[in-house]
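Right, one structure below, let's go through it.
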Amino acid sequence: MNERIKSAFDSVKAEEELKEKTLRYVSSRTGKRRPAFRAARLLPLLACLALVILAGGWAWFSPSATISVDINPSLELWLNRFDKVVQVVGWNEDGRELASSLDLKYMDYEQALEEIMASEKVSSLLADDGVLSLAVVGDNEKQCGRLLTGLQQCTAGQGNAYCYSADEEELEAAHSLGLSYGKYRVYLELLELGSDISPREVNGMSMRELRDMMESLSGNGETGSPQAHAPGGGQGQGQGYGQGKGPAWARDGEG
Amino acid sequence: MRSEYEVNMAVERYADTVKRLCMVHLKNTADTEDIFQTVFLKYALSSAEFESREHEKAWFIRVTINACKDLLKSFFRSRTVSLEELAELPAEMGEDKRYVLEAVLSLPDKYREVVYLHYYEDYTAPEIGRILGKNLNTVYTLLNRARQQLREKLGGEADE
């Protein structure tokens, strides 16, 4: 009989709901607030949520590719993996002025580029036979390929626009000299042609002036191939100046 | 006053004991909730020091039994609730367990608590006397009568 009584009482248990209710009551009477749910139970869920938000924030705000825009204003559009502009950096006086006059943040890169090309400064330079260099730099090949194609479409109507791609290392080398990537490429070409021009001087000159200087140093009146191939396989847009040697920066990537 | 942690631990340790004592003394769920609140609030506000876990458990048993008796004595309750109906038993309980519990709960109140303390909590007659504040001989008498009645209801030998 002992065991039967023990076993019968053993099967009587306090319900979880009753325990919770009691704890809430005691908390309310002793001034210690007890939430309706035990916060500890929600911790794993909150941690996952925080992780998702952090990862999303990181993916949104961290740049994964750069478009270097050079005409005379030199500026760079830093893009996130969704091709949105997360930062605009001016690399010379004109570039900084242009960057501050336009509100390009979180804009799609194509729209940002259109805004830049439509700006008074750039549009007047383009109308005055200015040369526009657009470089896509990044380690994500897929994104860079997509951006290069997009840039080529954007500048299809511009005869003097050159599009190409490069990698992160080259971008870092450019930045270490205080130059945007487009001007850095021209600087390297000028050094190769025997010029002793300084990065500072390059930074102050327009792409048209630099291009003219390259032509005179190479002793060639022609201005390059009609298509500027990118090292990454992308193809540039250029005006049709024939098949001359042209400056190497516009010939990069040619087989 | 005790910390929230201490109260949580006490609920985890003694909720089942309080629940069983409520079932022994009371008939319905609403009263059980009242007793839970009274007992654990008293514990939270108490600064009593316990020498051991056994000491603490005995405190909970005594306070719960007193709270149940106070509730049964209250004027309002005596006019509104029938004392004859049987306590609500868990729906999922097996047939034999239900039968045994019904036999225990059908005993008079003074027998029910000694049966619970002796058969389930394994307290000796002197311990039961201390917990309930009763004379040792009274406890022996109560236990003997309870045993006889249970034997009649359940059959077999008690205390074997």
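The values are calculated or read from the model by the stated rules, or taken from the named source; none is laboratory data. Here the structure is a predicted model, which is why all the values come from computation and not from measurement. So basically every Cβ, Gly included, is an ideal-geometry build from the backbone, and we count neighbours across all protein chains shown. Surface accessibility is based on the protein's heavy atoms, side chains included, excluding ligands, DNA and RNA. Shrake-Rupley method; radii C 1.70, N 1.55, O 1.52, S 1.80 Å.
Looking at B:A58, B:A67, can you tell me which residue is of a type outside the set (S, T, N, Q), modelled with pLDDT of 90 or more, in contact with a Ser or Thr (Cβ under 6 Å, 6 or more places away or on another chain) and assigned to a helix (DSSP H, G or I)? Of the residues listed, the single one that is of a type outside the set (S, T, N, Q), modelled with pLDDT of 90 or more, in contact with a Ser or Thr (Cβ under 6 Å, 6 or more places away or on another chain) and assigned to a helix (DSSP H, G or I) is B:A67.
Annotation: of all residues in segment A:15-45 being modelled with pLDDT of 90 or more and facing chain B (nearest Cβ under 7 Å), the one that is surrounded by the fewest Cβ atoms within 10 Å (Cβ to Cβ) is A:K21.
Where helices (runs of 4 or more DSSP H) fall wholly inside segment B:104-160, the ranges with 3 or more residues that are of a type in the set (S, T, N, Q) and more than 9 Å from chain A (Cβ to nearest Cβ) are B:136-154. Taking segment B:21-42 as the range and being open to solvent by 10 Å² or more (accessible area, probe 1.4 Å) and in a helix (DSSP H, G or I) as the test, the residues that pass are B:M23, B:T29, B:A30, B:D31, B:T32, B:E33, B:D34, B:Q37, B:T38, B:L41, B:K42. Taken as a whole, the structure leaves B:E49 outside the set of residues that are facing chain A (nearest Cβ under 8 Å) and surrounded by fewer than 18 Cβ atoms within 10 Å (Cβ to Cβ). Screening the candidates A:Y164, A:Y184 for the property of being aromatic (F, W, Y) and in contact (Cβ under 8 Å) with a residue 60 or more places away in the chain yields one hit, A:Y164.
Residues of segment A:78-111 that are in contact with a Pro (Cβ under 8 Å, 6 or more places away or on another chain) and polar (S, T, N, Q): A:N80, A:Q87, A:N92. Just one of the listed residues (A:S68, A:S62) is polar (S, T, N, Q) and either under 28 Å from A:A127 (Cβ atoms) or modelled with pLDDT of 85 or more (or both), namely A:S68. For first residues located in segment B:1-16 and surrounded by 12 or more Cβ atoms within 10 Å (Cβ to Cβ), partners that are at pLDDT 90 or above and β-branched (V, I, T) and lie 6+ apart or on another chain with Cβ distances below 6 Å form the pairs B:V7/A:V26.
For segment A:153-169, a residue qualifies if it is within 18 Å of the chain's Cα centre (by Cα) and open to solvent by 60 Å² or more (accessible area, probe 1.4 Å), and the qualifying residues are A:D167, A:E169.
Of the helices (runs of 4 or more DSSP H) lying entirely inside segment A:92-205, those containing at least 3 residues that are polar (S, T, N, Q) are A:141-154. Of all the residues in segment A:65-82, those that are in contact (Cβ under 8 Å) with a residue 40 or more places away in the chain and either closer than 22 Å to A:V186 by Cα or touching an Asp or Glu at 6+ places or on another chain (Cβ under 6 Å) (or both) number 12.
Given the condition away from chain B (no Cβ under 14 Å), loosely packed, with under 13 Cβ neighbours inside 10 Å and among the polar types (S, T, N, Q), answer yes or no: does some residue in segment A:65-75 qualify? No, that holds for no residue.
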